[in-house]
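Worksheet: one structure, shown below.
The values are calculated or read from the model by the stated rules, or taken from the named source; none is laboratory data. For clarity, every value in this text was computed on a predicted model and none was experimentally measured. Counting neighbours? That spans all protein chains shown, and the Cβs are built from the backbone with ideal geometry, glycine included.
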Amino acid sequence: MENPPLRPSTYQVLEQHGVDRRSFIKFCTAMAAALGLDATMVPQIVEALENKPRIPVIWLHGLECTCCSESFIRSSHPIAQDIILNMISLDYDDTLQAAAGFQVEDIRKRIMKEYPGEYLLAVEGNAPTKDGGVYCTVGGETFLSILEETAEKAKAIIAWGSCASNGCVQAAKPNPTGAKPIHALLPHKTIINVPGCPPIAEVMTGVLTYILTFGQLPELDRIGRPKMFYGQRLHDKCYRRPFFDAGQFVEAWDDEGARKGWCLYKMGCRGPSTYNSCSTFKWNNGVSWPIGSGHGCIGCAENNFWDNGPFYQRLSGIPVPGIDSTPDEVGATLAGAAVIGVGAHFVSSVVRRFGQKPAQPTPDSGDKGRGDV
């Protein structure tokens, strides 16, 4: 087999686009910040992007709505343009490529042949398995067969979005097409799950940046999600959290609590059980996120979220810090605590009062001996 053409490094491509050294260092610093890395890691990122060749990427689309791609191209930190044009060699993508037909499939097969064990496979959507997988075909081949073929020699596999990561609505009951997430279709492969409907743009670009910089997969949690982005509950960084702790909840859409920005837990918010970075990165260049817009989290980063509904029915048994209670009991608990506090103050006052030395009766009082009571 002929040697594949040499691929330039990220810095070489940036230079070709007129990017100076100073801007390149700023670019690397911004990436370190997006990944939550210490400033001491910036030189390592610089070295990697200066010397490592860009990685070829094959981006497949199965059963999905393309919202992951729509989210990806709206990334701002770093912007998708920098990722696509300068950091990765996006050689195959059904949505973004200009070519079509046999020419495109030839490109996919060529990348697989020339870069075995080096190319990155990104998958958006899942695959139907019933009736031979005929419910999703590309160029006469089932998506399932294309996925299995392309995944065989991939360096790493990323499942973009909830469709690919956990099945989403296609795999929800009764699942007539037998749709399955990528990890269920490729059980012997390590899959990086990046769930969300869609996933956050900066999370997508951050995962690619990490792989390109360090040449390895990020640390994953028990269901294959990168811990750097899925290691904390939305609830723990939600600006409405103080209202949860205070027992102040929205009881109905557009009620007084909703106008005051109280906690949306009773309206079905899944923030206490969902791990994602929405409350940190937010959406649309950090402008807002669902909870910030007055709608509870639907838990799309968690497995089987579509069947864990109804979305507007609150979860049960979520503990409140310090006590075993559900939100229905929080208000009563706090009110009870207030009553106990008042009672304690009263008892304390009485004790202090009767603990003082009693006044001695005067000869004219006629109350002799009362001081002994």
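What the table below lists for this structure:
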read-out: Filter result for residue 86 (polar (S, T, N, Q), in a helix (DSSP H, G or I) and at pLDDT below 85); value: yes
read-out: Every residue from the range 232-250 that is closer than 20 Å to residue 298 by Cβ and either part of a helix (DSSP H, G or I) or not charged (D, E, K, R) (or both); value: 232, 234, 235, 236, 237, 238, 239, 241, 243, 244, 249, 250
read-out: Qualifying residue in the range 171-181 (condition: among the small types (Gly, Ala, Ser), touching a residue at least 60 places away in the same chain (Cβ under 8 Å) and at positive phi); value: no
read-out: Which listed residue is part of a loop (DSSP other than H, G, I, E, B) and either touching a residue at least 40 places away in the same chain (Cβ under 8 Å) or not polar (S, T, N, Q) (or both), from 306, 253; value: 253
read-out: Residue identified as on the phi > 0 side of the Ramachandran plot and either in the same structural domain as residue 74 (by TED's automatic domain parsing) or not in a helix (DSSP H, G or I) (or both) among 261, 296; value: 261
read-out: Qualifying residue in the range 116-126 (condition: in contact with a strand residue (DSSP E or B) (Cβ under 9 Å, 6 or more places away or on another chain), in a strand (DSSP E or B), in contact (Cβ under 8 Å) with a residue 24 or more places away in the chain and of a type in the set (Asp, Glu)); value: yes
read-out: Filter pass, residue 132 being more than 23 Å from residue 50 (Cα to Cα), exposed (fewer than 15 other Cβ atoms within 10 Å of the Cβ) and modelled with pLDDT under 90; value: no
read-out: So residue 28, is it touching a Phe, Trp or Tyr at 6+ places or on another chain (Cβ under 6 Å), in a helix (DSSP H, G or I) and not assigned by TED's automatic domain parsing to the domain that holds residue 280; value: no
read-out: Tally of residues being modelled with pLDDT of 85 or more, surrounded by fewer than 18 Cβ atoms within 10 Å (Cβ to Cβ) and either touching a Cys at 6+ places or on another chain (Cβ under 7 Å) or within 12 Å of residue 201 (Cβ to Cβ) (or both) across the range 274-286; value: 1
read-out: Considering residues of the range 204-233 that are of a type in the set (S, T, N, Q) and surrounded by 14 or more Cβ atoms within 10 Å (Cβ to Cβ) only, the residue farthest from the chain's Cα centre (by Cα); value: 213
read-out: Subset of the range 214-228 (residues that are in contact with a strand residue (DSSP E or B) (Cβ under 8 Å, 6 or more places away or on another chain) and touching a residue at least 24 places away in the same chain (Cβ under 8 Å)); value: 217, 218, 220, 221, 223, 224, 225, 226
read-out: Selected residue (criterion: surrounded by the fewest Cβ atoms within 10 Å (Cβ to Cβ)) from residues of the range 158-180 that are closer than 25 Å to residue 56 by Cβ and out of contact with any Ser or Thr (no Cβ under 6 Å at 6 or more places or on another chain); value: 158
read-out: The lone exception for residue 34 - which of (1) modelled with pLDDT of 80 or more; (2) more than 27 Å from residue 116 (Cβ to Cβ); (3) touching a Ser or Thr at 6+ places or on another chain (Cβ under 9 Å) it fails; value: (1)
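Quick grid of which residues meet (1) in the same structural domain as residue 300 (by TED's automatic domain parsing); (2) buried (at least 24 other Cβ atoms within 10 Å of the Cβ); (3) farther than 30 Å from residue 50 by Cβ; (4) among the aromatic types (Phe, Trp, Tyr):
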site	(1), (2), (3), (4)
156	no, no, no, no
183	no, no, yes, no
187	no, no, yes, no
195	no, yes, yes, no
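Quick grid of which residues meet (1) crowded, with 17+ Cβ neighbours inside 10 Å; (2) at pLDDT below 95:
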site: 235; (1), (2): yes, yes
site: 247; (1), (2): yes, yes
site: 253; (1), (2): no, yes
site: 256; (1), (2): no, no
site: 266; (1), (2): yes, yes
site: 272; (1), (2): yes, yes
